[in-house]
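Trainee: Starting off with a structure, shown below.
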């Protein structure tokens with residue numbers, strides 16, 4: 001299958017790439033720059049790719065590497081303790097996701113360590129398989145499963161916390177309105 | 001396989017059902033089908049995953065991002081070369097090699113085809129990422145305008161075939177004080193095509209007017225000709241027949 005032209009590739013992937021970048025870069029301007037840079041690299045080097053089926057993986061891999069390159073000097077990623085211990089059966093909290101919006105989901109994701117955030121975002125955004133995520137991030141498939149498991153657990157906890165915080169917010173009591181002349 | 005093992009595996013199972021036939025998940029899915037507790041957990045997990053996926057996929061994208069990507073609105077500028085450290089380095093190099101430079105320059109200028117070799121060397125660095133474009137745009141007219149504005153050589157009418165391709169960027173390099181402009185295009189079949197231009201006046205052996213001379217230099221296929229006051233060279237890694245096909249296209253803007 002022939003590789004689509006530049007505009008077709010942009011149309012197919014720029015939104016998902018931007019959202020992936022937004023989860024990594026924590027800022028709309030930085031996410032837009034990362035997305036643009038990824039397409040620039042595609043324009044300069046992508047012609048070497050002959051297999052159209054690999055375009056998507058190439059773009060996400062490139063964006064992730066660009067992100068790592070840009071932030072390597074600024075941020076040393078902590079070596080996360082990959083806690084693969086899972087409770088017998090993790091708690092059931094599926095309903096918490098029904099009540100949130102996209103901004104809340106992104107905000108919660110951004111609180112998670114990048115080690116878990118990157119595979120989670122790929123899993124949810126473009127519904128990459130765990131094998132594809134392993135390819136994009138350059139890590140073993142088993143590690144992807146561990147990070148997805150741990151990342152989802154963290155995300156649930158953060159969303160639960162968010163809901164508890166929201167419910168605790170003090171709502172100003174509305175005082176009964178009075179008028180100068182009182183009730184007629 | 002225990003429920004704990006199964007839940008670990010099923011956590012990587014996509015909510016859209018795309019993994020339902022993946023052998024890696026077969027045993028865990030079968031267990032989820034027979035164990036009520038695991039099944040309830042898996043349903044809850046899928047509900048959570050579907051909801052998060054939907055929310056994330058609804059995050060708005062800046063409306064101008066697509067057009068910025070397509071039009072190459074972000075034009076990159078080369079970083080300033082006149083930093084103090086580089087100036088000191090240049091001064092030291094100048095003092096050390098000034099005599100050799102004069103001698104070498106005289107010898108180099110006397111050889112024909114020097115600008116072509118310089119263009120190819122610079123192109124190799126550009127393609128390998130060792131050098132960056134001075135300006136980037138998919139629209140070659142923008143690049144020509146940039147070249148003109150910066151005093152770099154360019155022609156008014158490019159070969160007709162090139163006008164069909166999206167450009168990538170341009171760069172100006174120097175050969176013996178003479179500017180050479182390079183423009184890179186997305187060529188046919190995925191191969192890139194590059195155009196080098198320099199002023200014809202003063203070249204010892206300028207290429208013939210209107211008739212391309214084909215050749216192979218340093219692994220590149222080249223076609224050189226003169227057009228008006230410019231010496232031009234089309235460069236690609238594609239086979240020579242493709243290069244000839246590019247220049248076989250004629251039209252109002254053809255050479």
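Read-outs throughout are calculated quantities, based only on the coordinates presented, and are distinct from any laboratory measurement. Just so it is clear, the structure is predicted and the values come from calculations on it, not from any experiment. Reconstructed Cβ throughout: ideal geometry from the backbone, glycine too, with neighbour counts over all protein chains shown.
Trainee: What order do you get for B:195, B:143 when you list them from fewest to most C-beta neighbours inside 10 Å? Write down the numbers at each step before the final one.
Mentor: Values: B:195 22, B:143 29.
Going from sparsest to densest Cβ surroundings: B:195, B:143.
Trainee: Right, something else. Return P(r) of region A:6-71 (all Cα-Cα pairs; 10 Å bins starting at 0; whole %; ordered from short to long distances).
Mentor: That works out to 23, 59, 18, 1, in percent per bin.
Trainee: Next question, about the same structure. If I stretch the segment between residue B:216 and residue B:131 completely, what's the gain in nm (0.36 nm per residue apart, minus their alpha carbon distance), one decimal?
Mentor: Details: separation 85, 0.36 × 85 = 30.60 nm, distance 2.29 nm.
Answer, rounded to one decimal: 28.3 nm.
Trainee: Over region A:6-71, what is the mean sequence separation of C-alpha contacts under 8 Å (at least six apart), divided by residue count, expressed as relative contact order in percent? Intermediate results must be reported in sequence, preceding the final value.
Mentor: On the way: 41 pairs, mean separation 23.4, N = 66.
Normalised by residue count, the contact order of region A:6-71 is 35 percent.
Trainee: Let me know the Rg and Dmax you get for region B:3-57 when you use only its Cα atoms, in Å.
Mentor: In Å, with Rg to one decimal and Dmax whole: 11.0, 33.
Trainee: Just to confirm my numbers, what's the Cα centroid distance between region B:178-255 and region B:122-174 in Å?
Mentor: 13
Trainee: Next question. Quick check on the exposure proxy: order A:126, B:64 from fewest to most C-beta atoms within 10 angstrom. Present the calculation step by step, with values, prior to reporting the outcome.
Mentor: Numbers: A:126 20, B:64 11.
The order, fewest Cβ neighbours first, is B:64, A:126.
Trainee: Here's a follow-up. Taking neighbour Cβ counts within 10 Å as the exposure measure, how do A:50, B:242 sort from fewest upward?
Mentor: Values: A:50 10, B:242 16.
Least to most surrounded, the residues fall as A:50, B:242.
Trainee: Which whole-number percent gives the relative contact order of region B:120-229, counting Cα pairs below 8 Å spaced six or more residues apart?
Mentor: 18
Trainee: Taking 0.36 nm per intervening residue step and subtracting the Cα-Cα distance, what contour gain separates residue A:131 from residue A:161 on full extension?
Mentor: Numbers: separation 30, 0.36 × 30 = 10.80 nm, distance 3.12 nm.
Stretched fully, the residue A:131-residue A:161 segment lengthens by 7.7 nm.
Trainee: Against the 2.2 N^0.38 Å scaling, with N counting residues, where does region A:114-160 land? I'd like the Cα-based Rg ratio to two decimal places. Intermediate results must be reported in sequence, preceding the final value.
Mentor: Numbers: Rg = 10.0 Å, N = 47, 2.2 N^0.38 = 9.5 Å.
Rounded to two decimals, the normalised Rg is 1.05.
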